[in-house]
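Notes follow the structure.
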Number of protein chains: 2
Amino acid sequence: MRNQPLNYCAFVMNTPSHIIHGLWRDPEGDQLRFNELEMWIDLARRLEAGGFDAAFFADVIGLYPDFRGGPEFHEELGLQIPSNDPMVIISALAAATENLGLAVTLGFAQSPPFQFARQMATLDHATKGRIAWNIVTGANPNGWRNLGWEGMPAHDTRYAIADEYLEVLYKLWEGSWDEDALLADRASGLHADPSKIHPINHVGEHFKCEGPFLVTPSPQRTPLLFQAGSSPVGRDFCARHAEAQFIQSPSPEDARKQIDETRDLLEKHGRTRDEIKFFQGLSFVVGSTEAEARQKERELEEKIDADGMVAHMGGAIGVDLGGLELDDTLDAQSTEGVQGILGWLREAAGGGNPTIRDVLQLMSRRTRVTGTPEQIADRLDDYRQAGVDGVNVINAVIPGSYQEFIDHLMPTLRERGLAADGYRPGTLRNKLFGHDRLTERHPAAQYRGAFAEVAA
Amino acid sequence: MRNQPLNYCAFVMNTPSHIIHGLWRDPEGDQLRFNELEMWIDLARRLEAGGFDAAFFADVIGLYPDFRGGPEFHEELGLQIPSNDPMVIISALAAATENLGLAVTLGFAQSPPFQFARQMATLDHATKGRIAWNIVTGANPNGWRNLGWEGMPAHDTRYAIADEYLEVLYKLWEGSWDEDALLADRASGLHADPSKIHPINHVGEHFKCEGPFLVTPSPQRTPLLFQAGSSPVGRDFCARHAEAQFIQSPSPEDARKQIDETRDLLEKHGRTRDEIKFFQGLSFVVGSTEAEARQKERELEEKIDADGMVAHMGGAIGVDLGGLELDDTLDAQSTEGVQGILGWLREAAGGGNPTIRDVLQLMSRRTRVTGTPEQIADRLDDYRQAGVDGVNVINAVIPGSYQEFIDHLMPTLRERGLAADGYRPGTLRNKLFGHDRLTERHPAAQYRGAFAEVAA
């Protein structure tokens, strides 16, 4: 029986309406203040005081595909538009905290690898090793066209380019500077040892980068790597590169199947079965009694913009669900590239093609846990037994959903051994895995020392 | 006679050795801590307490060209390698201050325009309108090869690409969202008015960008625009786009000539003569008596790495000066693209080709002001009379050079009306110009309302 504590991330986005739509209207929600640094600093302090492991910033660099024939619905609801960049607010959160991990999302089309490597290494220094990167491959065509592409490359092409992007990053982060290159010796006047700083001279199909890297080895070198791929290619990519996977299984049973498969893939790629932590996305409604919790859930559901939930799901699978009725099924609407999510929906709906009603159910209820602290702890224990290592906590309101989690759930979770009593020291990777750097089995490790000249 | 106060920027870079080389060895310098956020937060707080208008972060995204045949000298001295990204540390400085402007440097090859526009607009919100951008066009070939280019494009080509880059940014910052697009209306549930959010559909020679922009109109919309071009093409670019120009004239007389020419260019481009503020780069050695100041200057000169100064100047003009003697001249060494700086050196050396000794003099002394507070105030008044609006203060040590400026010069500068008594309210642009947004005469203004559909 698995009984180590789970890890907890706050799953947020720098936007008024991230996942549970319509809640920015709630007087208890601060989401309308998302442009203000103070709102995020306040949240980071609350999360650290409450024992959360990290704030995880999702991001999307363009509009979701149309709903009801256009972007107007998204814009009226604030459904991930407007949205701000997550990376540039991280240092303010780092300065306000000491232990909280800070995860940002970025796809390779957003930044040349040299620029991104430097920004992240700067943040790894600034956070003293608490930075993480959620690797995405960009699923919204508008995002690609914002970034100068003619359109979205095919799914497998995106992963192939991402593979080369990571290769360049690993060369810069792990290979360009030897561990002892920095001297900073006031007496001799030698700041660094040039024989231990190397250009990488990367020339590939999609990227070129000369080097040397400009940033000294940072506490983690490579930031902690999150990924959320669910297609076969995506999961293979994840098993090769990631150290944490974000999953949204509709049940512990489904999570177990998915996790076991990915752990098998880890072994196939020469890594050990524990080299990825699995974070299940969940939202919570907690009451002192089950009746109270159910009442709170009914009140929440009245506040949720149901059309917004359908629009978001349609956008995610690339189908405009705006013209469908609740009992219409999704089959005839499927388009290229949605197999992964549609397959999951079919399975979750019991094998057949899901209806819009099924989608709403899935969106609203399957990843929500409602009950007393004890009941919720039981459910989390089920996930833990299924192999889940942590929870990505989805909010209805900021900061209220997290403060409620901290005040009403954390005490019970700690009692039950489902949450840790305090932080482990050092970097985010050390807090989660017990070491500061990627293991020797990770593909990035091959670039350590790879650019050193052979001694004459 | 011009008698408005000057503005003051701290001219820094996220690196151990920016301009006055070798001083990281000084026990009073904190530059070896450049990786630490705390060092920069401490500096920002000192600058604001002391009345500085802005911290101006220079940046270079690659190694300077070789000195003595390779990059080893730069690496040993820490001459702008290592260096960290400036943009990602800004939010921490914003959270620690209320009035200090924060300027970052970036060239177009570092970031697709949509990504950069979003990062800067996020920072304009986060800083409440205190962000500025120093537009550069990238003069180090290694930087271009780091960013995936085969090599450095020709000088005028770089400016042509920068022009289109700015066009895309202006469309996103000024045109995509109408001023009243954001509603954030809890009662109606309308977050924004879709009829006031527009794609930009930019298709140009170098960039494509669909839009709409993802960030709501920020306090300044377009960040305050700095530029430092000195070639004819660069100065024309500056006169069209910039609101502040960084100059490094060797004398007030030279500054006057340069400033008058650029003000003429402003008029040529339909802007008014006061639409650019000129910031002269200067370093200071202050003493209670002139003798004390001269003694401090001698002590400083002993600490300066003279070879480092030559290596830096050679790198800036694209010539490896490592094999030359002090009395050798620069003429035979000149290469493509250095005309601007070499011309300036020639002029400053009295018309002929400068020797290495001249270069050293220029680097070390011509932009250094040494004396008592009164003498320094006199010199700054000379610059003011020549049309200079502000000073970019170059440091020998961080934070010591700035603390000394604040403690020993600012009181006299305030007495003499050469420094303001406090901050004007609002955005950085408002503090400097008295308005939050670019004027109607600026080329960005043409995109305001340009993408709105014509009513039926």
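Selection within the range B:366-416: residues that are in contact with a helix residue (DSSP H, G or I) (Cβ under 9 Å, 6 or more places away or on another chain) and basic (K, R). The member of this set that is farthest from B:S283 (Cα to Cα) is B:R416. With the structure loaded, tell me whether B:L172 is touching a helix residue (DSSP H, G or I) at 6+ places or on another chain (Cβ under 7 Å), more than 8 Å from chain A (Cβ to nearest Cβ) and not in a loop (DSSP other than H, G, I, E, B) or whether it fails that test. Yes. A residue that is within 19 Å of A:A444 (Cα to Cα) and of a type in the set (F, W, Y) can be found somewhere in the range A:220-236.
Yes/no matrix, rows are residues, columns are (1) in contact with a helix residue (DSSP H, G or I) (Cβ under 7 Å, 6 or more places away or on another chain); (2) more than 8 Å from chain B (Cβ to nearest Cβ); (3) closer than 21 Å to B:F114 by Cα:
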residue	(1), (2), (3)
A:L23	yes, yes, no
A:D30	yes, yes, no
A:R33	yes, yes, no
A:L47	yes, yes, no
A:A55	yes, yes, no
A:A58	no, yes, yes
A:I61	yes, no, yes
A:G69	yes, yes, no
A:E76	yes, no, no
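Only residues that are open to solvent by less than 10 Å² (accessible area, probe 1.4 Å) and among the hydroxyl-bearing types (S, T, Y) were counted in the range B:236-252, giving 1.
Of all residues in the range B:273-324, those satisfying the criterion of being open to solvent by 10 Å² or more (accessible area, probe 1.4 Å), in contact with a helix residue (DSSP H, G or I) (Cβ under 7 Å, 6 or more places away or on another chain) and closer than 30 Å to B:F433 by Cβ are B:R273, B:E275, B:K277, B:F284.
Identify, please: which residue in the range A:175-190 is touching a Pro at 6+ places or on another chain (Cβ under 8 Å) and in a strand (DSSP E or B) and is, among those, farthest from B:G29 (Cα to Cα)? Checked the range A:175-190; the qualifying residue farthest from B:G29 (Cα to Cα) is A:W177.
Of the numbered criteria (1) within 22 Å of A:S231 (Cβ to Cβ); (2) in contact with a helix residue (DSSP H, G or I) (Cβ under 8 Å, 6 or more places away or on another chain), the one A:K257 fails is (2).
Look at B:R256 and say whether it is closer than 16 Å to B:T439 by Cβ and over 16 Å from the mean Cα position of the chain (by Cα). Can you show your working first?
On the way: closer than 16 Å to B:T439 by Cβ: no; over 16 Å from the mean Cα position of the chain (by Cα): yes.
For B:R256, the condition - closer than 16 Å to B:T439 by Cβ and over 16 Å from the mean Cα position of the chain (by Cα) - is not met.
If I go through the range B:229-252 residue by residue, how many of them are more than 26 Å from B:L360 (Cα to Cα) and modelled with pLDDT of 95 or more? Qualifying residue count for the region: 9. Restricting A:E48, A:E72, A:E76 to residues that are surrounded by fewer than 24 Cβ atoms within 10 Å (Cβ to Cβ) and within 18 Å of A:N392 (Cβ to Cβ) narrows the list to A:E48. Just give me the residues in the range A:201-235 being among the aliphatic types (A, V, I, L, M) and open to solvent by 10 Å² or more (accessible area, probe 1.4 Å), in sequence order. Within the range A:201-235, A:V203, A:A228, A:V233 meet the criteria. For beta carbons closer than 6 Å, sequence separation of 6+ or different chains, a first residue in the range B:4-18 that is more than 13 Å from B:V104 (Cβ to Cβ) and a second that is of a type in the set (S, T, Y) and surrounded by 24 or more Cβ atoms within 10 Å (Cβ to Cβ), the qualifying pairs are B:T15/B:S83.
Does A:A255 count as open to solvent by 10 Å² or more (accessible area, probe 1.4 Å) and hydrophobic (A, V, I, L, M, F, W, C)? Quick ask: steps written out before the conclusion?
On the way: open to solvent by 10 Å² or more (accessible area, probe 1.4 Å): no; hydrophobic (A, V, I, L, M, F, W, C): yes.
Judged against the criteria, A:A255 is not a match.
Within the range B:110-135, take every residue that is more than 9 Å from chain A (Cβ to nearest Cβ) and assigned to a loop (DSSP other than H, G, I, E, B) and give me the one that is surrounded by the fewest Cβ atoms within 10 Å (Cβ to Cβ). Out of the qualifying residues, it is B:G129.
Any residue at all in the range B:89-111 that's among the charged types (D, E, K, R) and modelled with pLDDT of 95 or more?
yes
For A:T157, the conditions (1) part of a helix (DSSP H, G or I); (2) facing chain B (nearest Cβ under 9 Å); (3) open to solvent by 30 Å² or more (accessible area, probe 1.4 Å) all hold with the exception of (2). The residue that is farthest from the chain's Cα centre (by Cα), among those in the range B:239-253 that are of a type in the set (A, V, I, L, M, F, W, C) and over 17 Å from B:A444 (Cβ atoms), is B:I247.
Please enumerate the residues belonging to the range A:136-154 that are assigned to a loop (DSSP other than H, G, I, E, B) and more than 9 Å from chain B (Cβ to nearest Cβ). Before the answer, list the steps.
Step one: of the range A:136-154, the residues assigned to a loop (DSSP other than H, G, I, E, B) are A:137-140, A:147-154.
Selection gives A:T137, A:G138, A:A139, A:N140, A:G151, A:M152, A:P153, A:A154.
Screening A:A181 with (1) under 19 Å from A:G449 (Cβ atoms); (2) within 26 Å of the chain's Cα centre (by Cα) gives one miss only, at (2). Entry remark, the range A:69-90: residues being in a helix (DSSP H, G or I) and within 18 Å of the chain's Cα centre (by Cα) number 4 in total.
Restricting attention to the range B:91-109, and to residues there that are assigned to a helix (DSSP H, G or I) and open to solvent by 10 Å² or more (accessible area, probe 1.4 Å), which single residue is farthest from B:A49 (Cα to Cα)? Before the answer, list the steps.
Of all residues in the range B:91-109, those assigned to a helix (DSSP H, G or I) come to B:91-95, B:108-109.
Narrowing further to those that are open to solvent by 10 Å² or more (accessible area, probe 1.4 Å): B:95, B:108-109.
Details: B:A95: 15, B:F108: 34, B:A109: 36 Å.
Step by step, filter the range B:91-109, then rank; the result is B:A109.
Taken as a whole, the range A:37-53 holds no residue that is of a type in the set (V, I, T) and either closer than 21 Å to A:L166 by Cβ or not in a helix (DSSP H, G or I) (or both).
Working only within the range B:176-225, note down all residues that are away from every other protein chain (no Cβ under 12 Å) and touching a His at 6+ places or on another chain (Cβ under 7 Å). Correct list: B:L225 only. Selection of helices (runs of 4 or more DSSP H) fully inside the range A:359-456 by the criterion of at least 1 residues being touching a Gly at 6+ places or on another chain (Cβ under 6 Å), surrounded by 21 or more Cβ atoms within 10 Å (Cβ to Cβ) and not basic (K, R) returns A:428-433.
The values are calculated or read from the model by the stated rules, or taken from the named source; none is laboratory data. In this text, all values refer to a predicted model and were calculated from it rather than measured experimentally. A quick note on method: Cβ atoms are made from the backbone with ideal geometry, for glycine too, and the neighbour counts reach across all protein chains shown. Surface accessibility is based on the protein's heavy atoms, side chains included, excluding ligands, DNA and RNA. Shrake-Rupley method; radii C 1.70, N 1.55, O 1.52, S 1.80 Å.
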